Amino acid sequence: MGSDCVFCKIVDGRIPAKRIAEDELYLCFADLNAQAPTHVLLVPKQHIASLAEIAPEQTELLGYLMAKAAEVAREAGLAKGYRVVINTGVDGGQTVDHLHLHLLGGRAMHWPPG
Ligand code: AMP
Ligand code: ZN
């Protein structure tokens, strides 16, 4: 399913990435085009196309990814705060069709987002 998916390729090592943290369920790696001093992505190792595709039995995995984002933020020293974003679908600005959480920090974020 994910053989053509760029994030599946990163998960299984076919495309290099700066790996920050991982376990059997998720991988956290640096975003290639950083929008903040800290900008990493957290992805499930399993291919899920987007937040809109989450099945009821995957809600625990979603919570796990959120908790891991907080853990990575703590380890990155983002004590002043950070933002977690899940762009979803065309209007959401999603460009890679493998569910991912953006963790952004190290500067003040703006609201509303663009
Ligand atoms: P989104 O627009 O929410 O789908 O975010 C996709 C993100 O993936 C963007 O911030 C890209 O910079 C990032 N990205 C795309 N390809 C790679 C890659 N090979 N390694 C790291 N980050 C990537
Ligand atoms: Zn994938």
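Say whether the condition of being within 24 Å of Asp4 (Cβ to Cβ) and either modelled with pLDDT of 95 or more or more than 11 Å from the chain's Cα centre (by Cα) (or both) is met by at least one residue in region 68-87. Walk me through it before giving the result.
Filtering region 68-87 down to residues within 24 Å of Asp4 (Cβ to Cβ) leaves 86-87.
Now restrict to residues that are either modelled with pLDDT of 95 or more or more than 11 Å from the chain's Cα centre (by Cα) (or both): 86-87.
Yes, some residue in region 68-87 is within 24 Å of Asp4 (Cβ to Cβ) and either modelled with pLDDT of 95 or more or more than 11 Å from the chain's Cα centre (by Cα) (or both).
For region 1-36, give me the residue count where each residue is under 18 Å from Ala70 (Cβ atoms), open to solvent by 50 Å² or more (accessible area, probe 1.4 Å) and not in a strand (DSSP E or B).
Total satisfying the criteria: 1.
Of the numbered conditions (1) in contact with a strand residue (DSSP E or B) (Cβ under 7 Å, 6 or more places away or on another chain); (2) in a loop (DSSP other than H, G, I, E, B), Gly77 satisfies every one except a single condition; which is it?
That leaves (1) as the condition not met.
Given Glu60, Glu53, which one is out of contact with any Leu (no Cβ under 7 Å at 6 or more places or on another chain), closer than 16 Å to Asp23 by Cβ and open to solvent by 30 Å² or more (accessible area, probe 1.4 Å)? Reasoning before the result, please.
Details: Glu53 fails: closer than 16 Å to Asp23 by Cβ.
One residue alone meets the criteria, Glu60.
Do you know which residues across region 76-114 are within 16 Å of ligand 2 (Cβ to nearest atom), open to solvent by 80 Å² or more (accessible area, probe 1.4 Å) and not polar (S, T, N, Q)?
Result: Asp97, single match.
Of the numbered conditions (1) within 14 Å of the chain's Cα centre (by Cα); (2) over 13 Å from Leu103 (Cβ atoms); (3) within 13 Å of ligand 2 (Cβ to nearest atom), Tyr26 fails exactly one; give the number of that condition.
Evaluating Tyr26 over (1) within 14 Å of the chain's Cα centre (by Cα); (2) over 13 Å from Leu103 (Cβ atoms); (3) within 13 Å of ligand 2 (Cβ to nearest atom) leaves (2) as the failure.
Quick check on region 37-50: of everything there that is among the β-branched types (Val, Ile, Thr) and within 16 Å of ligand 2 (Cβ to nearest atom), which residue is surrounded by the most Cβ atoms within 10 Å (Cβ to Cβ)?
Residues of region 37-50 that are among the β-branched types (Val, Ile, Thr), as a first pass: 38, 40, 43, 48.
From what is left, the residues that are within 16 Å of ligand 2 (Cβ to nearest atom) are 43, 48.
Details: Val43: 23, Ile48: 20.
Top of the filtered list is Val43.
Could you give me the residue pairs with C-beta distances under 6 Å whose first residue belongs to region 58-69 and is closer than 12 Å to Leu27 by Cα and of a type outside the set (Asp, Glu), whose second residue is open to solvent by less than 30 Å² (accessible area, probe 1.4 Å) and not in a helix (DSSP H, G or I) wherever it lies, and which are 6+ apart or on separate chains?
As it stands, the answer is Leu65/Tyr26; Leu65/Leu42; Leu65/Leu101; Lys68/Tyr26; Lys68/Leu42; Ala69/Leu42; Ala69/Leu101; Ala69/Leu103, since those pairs meet every condition given.
The values are calculated or read from the model by the stated rules, or taken from the named source; none is laboratory data. Note that this is a predicted model, so its numbers are computed, not measured. Heads up, the Cβs are rebuilt from the backbone with ideal geometry, glycines too, and the neighbour counts pull from every protein chain shown. The area values use the complete protein model at the heavy-atom level, side chains included, leaving out ligands, DNA and RNA. Shrake-Rupley method; radii C 1.70, N 1.55, O 1.52, S 1.80 Å.
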